[in-house]
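As C-alpha cells, the structure follows; a few thoughts come after it.
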C-alpha cells in the first residue's frame, strides 16, 4: 500500500505593515504526519527576518509569502500563500506661516489645519525656548513666546 497523502497546509491570514507595525509573525498551520514535515517559506518580493523553517516566521516587508510543507516519508508536498500588505499612506504635517511676536502681536496661532486629519491621528507640539498658551495639542495651538 502506497502512502500518497498530501500534507494539509494553511499559510494563515494576511496582515498589514504600517508606521507602528514594522514586522509581523505569520501564523501558519499544517496537519497530517507533522513529525515528518519540513517547512520552507519563499517570497519573490518580501523579506523573511527569522523562523524560515517554522510555521511562524517573522517578516518585515509587504509581499506574497508561500509556505511549502514536505512530508519527508512519502515525499509529498503541498503549498499555501499569504499576502502581507503595506499601509503606505503617511500623514503629512503642514504648518502655515504665523504672525511674528512683537509689541503688537503678543500671541500667535500655529496653524496646521492643512495637515492630514482623521480619527486615528494625534498631533503633539513641542518647543525649545517657546511657550504654549493652554493645551499644545490639536491643529491650532496658541503661543506667546518664540521658540523652535
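Bear in mind these aren't lab numbers, they're just calculated from the coordinates by the rules spelled out. Nothing here was measured: the structure is a model prediction, and the numbers come from that model. Glycine gets a Cβ as well: all are built from the backbone with ideal geometry, and neighbour counts include every protein chain shown.
Please compute the Kirkwood hydrodynamic radius of the chain from all pairs of different C-alpha atoms, in Å with one decimal. Here the Kirkwood hydrodynamic radius works out to 19.6 Å. Distance between the C-alpha centres of the stretch 85-148 and the stretch 44-66: 40 Å, rounded to the whole angstrom. The mean sequence separation of alpha-carbon pairs under 8 Å and at least six residues apart, normalised by the residue count of the stretch 91-148, gives a relative contact order of 34 percent. With the highest mean first, a sort of the peptides 134-140, 27-33 on other beta-carbon atoms found within 10 angstrom per residue produces 27-33, 134-140.
I need the peptides 125-132, 73-80, 7-14 ranked by packing, meaning the mean over residues of other C-beta atoms within 10 angstrom, with the highest value on top.
7-14, 73-80, 125-132
Taking 20 °C and 1.002 mPa s as conditions, the stretch 91-148 diffuses translationally at an estimated 179 µm²/s according to Stokes-Einstein applied to its Kirkwood radius (Cα pairs).
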